[in-house]
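A.B. asks: I have a structure here, written as structure tokens, and I will follow up with some questions on it.
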Amino acid sequence: MAADKKSHLSFLDPEFSKIASYISHRDAINPKVSKVDVAWHLDHMLKTVIVICKSLEASKPEEYKSNFNFTRTVIYAWGDFPRGVAKSPRVVRPPDVILTEDLHLQIDAAKVGLITIQGLDENAHFEHPYFSVINKKQSIRFLKIHTRHHLKIVRDIIKNA
């Protein structure tokens with residue numbers, strides 16, 4: 001039973017709990033912290049997880065080639081991103097109107113995606129706009145750093161709103 005329960009958990013479950021708890025603050029905004037509101041950050045985090053999971057699943061592991069990327073190495077070692085530097089790719093940018101129901105649905109979809117990638121080949125991969133081609137392990141590290149980065153921003157928006 002413990003193994004079965006573990007297969008339904010993901011490495012981002014604590015973060016998903018925080019995301020869900022922040023939905024009630026979805027309209028909070030503080031321009032000193034971020035130009036966009038809490039809902040934007042929540043939607044963006046979830047879209048990023050979903051898109052990366054789908055990309056990993058659709059990849060052809062036999063085509064993966066290991067590569068060095070200086071920016072990725074620095075960010076992974078630091079464990080965070082500098083604020084306000086990178087621009088989100090269009091595919092993970094939230095819509096103009098973010099529905100609360102959609103946030104809840106995306107949490108569920110993201111959880112399913114993370115469970116799915118657990119069983120993928122280690123050379124499942126996707127092309128990151130700044131970090132080049134990254135494999136499953138590197139993608140998992142990216143998702144942890146990215147999600148925690150945006151959760152810190154959300155926390156600062158709420159704290160200073």
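The values are calculated or read from the model by the stated rules, or taken from the named source; none is laboratory data. A quick note: this is a predicted structure, and the numbers were derived from the prediction, not measured. All Cβ positions, even for glycine, are placed from backbone atoms using ideal geometry, and neighbour counts span all protein chains on display. Side chains included, ligands, DNA and RNA excluded: accessible areas come from the protein's heavy atoms. Shrake-Rupley method; radii C 1.70, N 1.55, O 1.52, S 1.80 Å.
A.B. asks: Anything in segment 98-112 that is open to solvent by less than 100 Å² (accessible area, probe 1.4 Å) and not aliphatic (A, V, I, L, M)? List them, or say none.
C.D. replies: Of everything in segment 98-112, those that are open to solvent by less than 100 Å² (accessible area, probe 1.4 Å) and not aliphatic (A, V, I, L, M) turn out to be Thr100, Asp102, His104, Gln106, Asp108, Lys111.
A.B. asks: A further question follows. Do you know which of the residues in segment 122-161 that are at pLDDT 95 or above and among the aromatic types (Phe, Trp, Tyr) is nearest to the chain's Cα centre (by Cα)?
C.D. replies: In this case the residue turns out to be Phe142.
A.B. asks: Now for a different question. Could you give every pair whose Cβ atoms fall below 6 Å, whose first residue belongs to segment 91-106 and is within 12 Å of His44 (Cα to Cα), and whose second residue is among the hydroxyl-bearing types (Ser, Thr, Tyr) and open to solvent by less than 100 Å² (accessible area, probe 1.4 Å), counting only separations of at least 6 or pairs across chains?
C.D. replies: Val92/Thr48
A.B. asks: Please count how many residues of segment 40-66 are open to solvent by 40 Å² or more (accessible area, probe 1.4 Å) and in a loop (DSSP other than H, G, I, E, B).
C.D. replies: Qualifying residue count, segment 40-66: 3.
A.B. asks: Filter segment 111-144 down to the residues that are of a type in the set (Gly, Ala, Ser) and in a helix (DSSP H, G or I), then identify the one that is farthest from Ser66 (Cα to Cα).
C.D. replies: Gly113
A.B. asks: Could you tell me whether Ser88 is more than 16 Å from His149 (Cα to Cα), open to solvent by less than 90 Å² (accessible area, probe 1.4 Å) and polar (S, T, N, Q)? Even if it seems obvious, please write down each step before you answer.
C.D. replies: Details: more than 16 Å from His149 (Cα to Cα): no; open to solvent by less than 90 Å² (accessible area, probe 1.4 Å): yes; polar (S, T, N, Q): yes.
Criteria not met by Ser88.
A.B. asks: Let me ask something additional. Going by the structure shown, is Asp121 in contact with a Pro (Cβ under 9 Å, 6 or more places away or on another chain), open to solvent by less than 90 Å² (accessible area, probe 1.4 Å) and over 22 Å from Asp13 (Cβ atoms)?
C.D. replies: Here the answer is yes, as Asp121 does meet what is asked.
A.B. asks: So which of Ser66, Ser10, Ser59 is of a type in the set (S, T, N, Q) and modelled with pLDDT under 95?
C.D. replies: That would be Ser10, the only listed residue that is of a type in the set (S, T, N, Q) and modelled with pLDDT under 95.
A.B. asks: Oh, and also: Could you figure out which of (1) out of contact with any Asp or Glu (no Cβ under 9 Å at 6 or more places or on another chain); (2) in a helix (DSSP H, G or I) isn't true of Asp80?
C.D. replies: Of (1) out of contact with any Asp or Glu (no Cβ under 9 Å at 6 or more places or on another chain); (2) in a helix (DSSP H, G or I), only one is false for Asp80: (2).
A.B. asks: Looking only at segment 10-27, which residues are open to solvent by 30 Å² or more (accessible area, probe 1.4 Å) and part of a loop (DSSP other than H, G, I, E, B)?
C.D. replies: Result: Phe11, Arg26, Asp27.
A.B. asks: Tell me which of these Pro95 doesn't satisfy, since it passes every other one: (1) open to solvent by 20 Å² or more (accessible area, probe 1.4 Å); (2) closer than 24 Å to Asp121 by Cα.
C.D. replies: Against the list (1) open to solvent by 20 Å² or more (accessible area, probe 1.4 Å); (2) closer than 24 Å to Asp121 by Cα, Pro95 comes up short only on (2).
A.B. asks: Of the numbered conditions (1) open to solvent by less than 60 Å² (accessible area, probe 1.4 Å); (2) at pLDDT 95 or above; (3) more than 19 Å from Ser55 (Cα to Cα), Phe81 satisfies every one except a single condition; which is it?
C.D. replies: (2)
A.B. asks: Could you please tell me which pairs satisfy a Cβ distance under 8 Å, a separation of 6+ or placement on different chains, a first residue in segment 55-82 that is more than 16 Å from Tyr130 (Cβ to Cβ), and a second residue that is among the aromatic types (Phe, Trp, Tyr)?
C.D. replies: What qualifies is Leu56/Phe126; Ser59/Phe126.
A.B. asks: Something else about it: Evaluate the following for Asn30: is it closer than 21 Å to Ser139 by Cβ, open to solvent by less than 60 Å² (accessible area, probe 1.4 Å), at pLDDT 95 or above and not charged (D, E, K, R)?
C.D. replies: Considered against the rule, which asks whether it is closer than 21 Å to Ser139 by Cβ, open to solvent by less than 60 Å² (accessible area, probe 1.4 Å), at pLDDT 95 or above and not charged (D, E, K, R), Asn30 comes out as no.
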